[in-house]
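As structure tokens, the structure follows; a few thoughts come after it.
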Amino acid sequence: MSQPVEQPRRTVPPRPAPAATAEQPVGGSSPTIASGTGAGGPVSETPPSTKAPPRAVTKRPPRKSQRRHARVVIRKVGPWSVFKMSLIFYFCVMLVLLGAGIILYGMLGAIGALDSTTRLIRDLFADQSFVISGQWLFTRGVTIGLVMVVVWSLINVFIAFLYNLIADLVGGVEVTLAERR
């Protein structure tokens, strides 16, 4: 009887590892041996000497994610954008103050404080034609409020120009931005 001739084993280059899943941690996959035989005998993906023992699946505690930080230097502020934002901001402030004035005027009228104040001023100054008028107060309040909105917006534009000049000299304001997690 003749003895079979043993042919050398051929190894196939390893395939790229699949993405790790919750059941299979990175670097902890066990090698698999292909079943079947090739033209030259059994084919294995990894040589038998480099087999690693299978690891137990363990769940790692989630790592605290690092916040990303960026340092930004504000070198220039656009005067036109400052003017637009200031107009909107101060107009909202004016509306809030007028709303508070209307509520206060209504409460003072409800408790009778406006009538008492009217009588007091008539007696002190001997002016019987004096009257506290809500329409007069609030038309003047809206007019003065709109003028102040424009004035303070222009003041903010002036401040923006000053900031731009000073930032050219000293380099601007450094701000650190952090990612929220």
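Structure summary
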item: The listed residue being touching a Phe, Trp or Tyr at 6+ places or on another chain (Cβ under 8 Å) and either modelled with pLDDT of 90 or more or closer than 30 Å to Val72 by Cα (or both), out of Asn164, Asn156; result: Asn156
item: Close pairs (9 angstrom Cβ cut-off, 6 or more residues apart or separate chains): at pLDDT 80 or above in region 56-75, exposed (fewer than 10 other Cβ atoms within 10 Å of the Cβ) and not hydrophobic (A, V, I, L, M, F, W, C) anywhere; result: His69/Thr176; Ala70/Thr176; Arg71/Glu174; Arg71/Thr176; Val72/Glu174; Val72/Thr176; Val73/Glu174; Ile74/Glu174
item: Residue in region 130-144 that is surrounded by 12 or more Cβ atoms within 10 Å (Cβ to Cβ), of a type outside the set (Asp, Glu), in contact (Cβ under 8 Å) with a residue 24 or more places away in the chain and in contact with a strand residue (DSSP E or B) (Cβ under 9 Å, 6 or more places away or on another chain) present; result: no
item: Every residue from region 143-168 that is hydroxyl-bearing (Ser, Thr, Tyr) and within 11 Å of Val82 (Cβ to Cβ); result: Ser153, Tyr163
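The values are calculated or read from the model by the stated rules, or taken from the named source; none is laboratory data. If you're wondering where the values come from, they're calculated on a predicted model, not measured in any experiment. So basically every Cβ, Gly included, is an ideal-geometry build from the backbone, and we count neighbours across all protein chains shown.
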